[in-house]
1. Which listed residue (F91, G138, A148) has the Cα farthest towards the positive end of the charge dipole for segment 83-151, taking +1 on Lys and Arg C-beta and -1 on Asp and Glu C-beta about the Cα centre?
2. How far is it, in nm, from the label point at Q109 to the one at E307 when both lie 7 Å from their Cα along the line to the Cβ?
3. Give me the percent relative contact order of the chain, please, defined on Cα pairs under 8 angstrom at least 6 residues apart.
4. Under the Karplus relation 6.51 cos²θ - 1.76 cosθ + 1.60, θ = phi - 60°, what is the ordered set of whole-Hz ³J(HN,Hα) values for segment 634-644, x standing for Gly and Pro?
5. Rounded, prolate or oblate: pick one for segment 118-170, where a ≥ b ≥ c are the square roots of the eigenvalues of its C-alpha gyration tensor, a/c under 1.5 means rounded, and failing that, prolate if a/b is larger than b/c, else oblate.
6. Assuming a strict under-16 Å limit between Cα atoms, what lysine pair count do you get for segment 373-532 once near-sequence pairs (fewer than 8 apart, same chain) are dropped?
7. Using a 7 Å offset from the Cα along the Cα-to-Cβ direction at both T426 and A551, what is the distance between the two label points in nm, to one decimal?
8. Within 10 Å, count the other beta carbons around each residue, average over each peptide in 208-220, 271-283, and list them highest first.
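The values are calculated or read from the model by the stated rules, or taken from the named source; none is laboratory data. Bear in mind that the values here come from a model prediction, so they are computed numbers and not experimental data. We place every Cβ from the backbone using ideal geometry, glycine too, and count neighbours over all the protein chains shown. Calculation scope for accessible area: heavy atoms of the full protein, side chains included, ligands and nucleic acids excluded. Shrake-Rupley method; radii C 1.70, N 1.55, O 1.52, S 1.80 Å.
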Amino acid sequence: MKIACLGGGPAGLYFAISMKLRDAGHDITVFERNRPDDTFGWGVVFSDETFDNITANDPASAAAIRGHFAYWDDIAVHYRGERIVSSGHGFSGIGRKKLLMLLQERARQLGVDLRFQAEIADAGALAKDYDVVIAADGLNSRTRAQFADYFKPAIDTRKNKFVWLGTQQKFDDAFTFIFEETEHGWIWAHAYQFDADTATFIVECAEATWQKAGFGALSQEENCRACEKIFAKYLGGHRLMSNATHIRGSAWLSFPRVLCETWSHRNIVLMGDAAATAHFSIGSGTKLAMESAVAMADYLHSEPSLEAAFAKYEDARRTEVLRLQSAARNSLEWFEDVERYLHLDPVQFNYSLLTRSQRISHENLRLRDKSWLEGAEAWFQRLAGAADNTVRRPMFAPFKLRGMTLKNRVVVSPMAQYKAVDGCPTDWHLVHYGERAKGGAGLVFIEMTCVSPEGRITPGCTGLYAPAHEAAWQRIVDFVHAETDAKICCQLGHSGAKGSTQLGWEEMDAPLHSGNWPLLSASATAWSERNQRARAMDRADMERVRDQFVASAKMADRAGFDMLELHCAHGYLLSSFITPLTNLRSDEYGGSLQNRMRYPLEIFHAVRAVWPDEKPISVRISANDWVGAGGIEPRDAVEIGRMLQDAGVDICDVSAGQTSIEAKPVYGRMFQRPFSDRIRNETGMATMAVGNIFEPDHVNSILMAGRADLVCLARPHLADPYWTLHAAAKFGDRGESWPLPYHPGRDQLYRISQSSEPAANRV
Ligand SMILES: Cc1cc2nc3c(=O)[nH]c(=O)nc-3n(C[C@H](O)[C@H](O)[C@H](O)COP(=O)(O)OP(=O)(O)OC[C@H]3O[C@@H](n4cnc5c(N)ncnc54)[C@H](O)[C@@H]3O)c2cc1C
Ligand SMILES: Cc1cc2nc3c(=O)[nH]c(=O)nc-3n(C[C@H](O)[C@H](O)[C@H](O)COP(=O)(O)O)c2cc1C
């Protein structure tokens, strides 16, 4: 094959090498606009795992590269006068220039024609003379722009500013993050050694800080001097250096996140940064480029046509690229929002930094550095008020709200059972909630329990509007208190325009076949075309419903509930006031967010007035309507959190969605956790996180990083009422109490969980 590589960066060179290794007969030319040794940038990082792939592809170049590696295992974080070090991270670094020289040498050895100072202006013209053109022309790929109609690139220029500098100060004992507060705002550095004398020193800050500091107006020299001053205490008198001669001005950049809809057009294929970028803070751009090169070389040999090879390349690489880009996005967003976390204790700040990309889990950190993690766990337990020297996972830390102390941080999230008869809970509820309370969670929520018959969602929903309901709930609460050490919370709600619908396992949210009752909502809206239109509440309705909430709260107190939650989420009555999608009012209850919050807060104040002082109240909200700018967005949720906090709400239960049939939620692991994180860390209010959180590891990492105070699991508790006790057994943690009659089962489970014998050999 006659092949042109447009660009002599890691992607272009490594592709050329990989092709030659598979068939020495290929005729390959690399066109590079620069001279062989004039590259910008300083060092690049590889993780241990990355290098195994490269070694398998070409042991010779891998050995040459490895010979110039600087290795380090530790990550050090300088923050608020402390240097916190954790270990076991396994990275290596090499100078970008050295890497390219080694790849050039290897390519030459294999017979690749390397042409330097050969700028290609038109990839289309080049493509006429070659069988394949590999467009590896980097971040600002001209080829990508030339064929933008085909590649359909989406370029997202991110908020922070950064500059890639070098220094001869040694950072050879750890990958080092330094956070410094200046008069203009926080500025931080990512520093790592890459050869005996030189370290990379990337300086980054928010754009507002960059503007205030006037970095944009400085020359590269002046900029180095300014950064030296900021980081003087870490530089030991060494200078900062810039080699970005290819960039005009101060050399500060904004990171562009590149995605392309397709990677190939005719015989031209994008590779490396030209196709997709991954933020430098996860150090994977070079890995992506080199691994894509290997994959393309493989498919050009295994597939019958160019078309098939390109299709296979995209298919195989896109998932990996998206996985890395997703981790990179989490990481870059963490740095963009870092000011949100700068109030955290250094231990928690460090944990938050290490787990920012979501690639490193709590237990993975234990494998990396057990003693550091145990120190952090001890810190968490101490803060939670546990006995001195307690080292347990964060999920097993106590939590206090007013006079209520939870034994641990796991919550059974409210889940409608649709098994009530005329609003009255039955034996189903006794057994269901009794089992969950026995299963080890610190707090068990009951389902949305309605303040009136017409406030029910379905005919199977529970209520607290008749003496029989109070008595039935009291029986359940008494059981929980007598037989377990769990606390139990009553969620009160009113269905609003989403009422009078079928049971959850019938047709969800669809009207009843017969016996529908009239509905109330903030405005005269309907959930869908099929649902009836609700009547907009007038003042008399508002007072009546408020009094119903108060009456139900009094019943909940008499029934013995430890805590109360107002359901202001998921499109039900109180939620219909908060979201602009269903609140179309023109009085003082509509319009601004403050007005839209007025009625839910009126209810809260009325309920708070009759709810005992020592018992907490939470409010569940939908922090995102998932419809974009027309609805509630996470930044509005922060404002809602602030209003709840000012009103005296003890904890915000941060859910999302179910407010509109137009919603387009972005699901994923722990997908609503960022909303809780944001409310908690921007307002200082306690929060609960919920939504596709299903592993103990998820719970521990959310808590330890300060992204929530409590973690709610719904569906996992339907599948396993004993979720918490099972998690404790898996970890060999004996601190959770089991019901006395179950102790033999407990002992067997611990033995099995801790045994290293294969199941078949156990007696
Ligand atoms: C601050 C910073 C830090 C980084 N740190 C790391 C890290 O630690 N680890 C890591 O893996 N990655 C890191 N990266 C990313 C990494 O540098 C890139 O992902 C990687 O270089 C991509 O390789 P590439 O071959 O696709 O592109 P490039 O390395 O950009 O190579 C493209 C080449 O094409 C040439 N070229 C462009 N246009 C033309 C043309 N028209 N004609 C001829 N030649 C042309 C360019 O001169 C260049 O040599 C970092 C990036 C930045 C900005
Ligand atoms: C069957 C079922 C019923 C639910 N009923 C309620 C409810 O009554 N009140 C409420 O606030 N959320 C309710 N939810 C939402 C859950 O509390 C939770 O927010 C959601 O299921 C996401 O958590 P998960 O991923 O752990 O299931 C219900 C969820 C399920 C699966």
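1. Result: F91.
2. About 3.9 nm separates the two model spin labels.
3. Details: 1600 pairs, mean separation 71.0, N = 763.
In percent, rounded to a whole number, it is 9.
4. x, 5, 5, 4, 5, 5, 4, x, 4, 5, 5
5. Values: a/c = 3.87, a/b = 1.73, b/c = 2.24.
Cα axes put segment 118-170 in the oblate bin.
6. Values: K400/K487; K407/K438; K407/K487; K438/K487.
For segment 373-532, qualifying lysine pairs total 4.
7. 2.5
8. On the way: 208-220: 16.2, 271-283: 25.9.
So the peptides 208-220, 271-283, ranked by packing, come out 271-283, 208-220.
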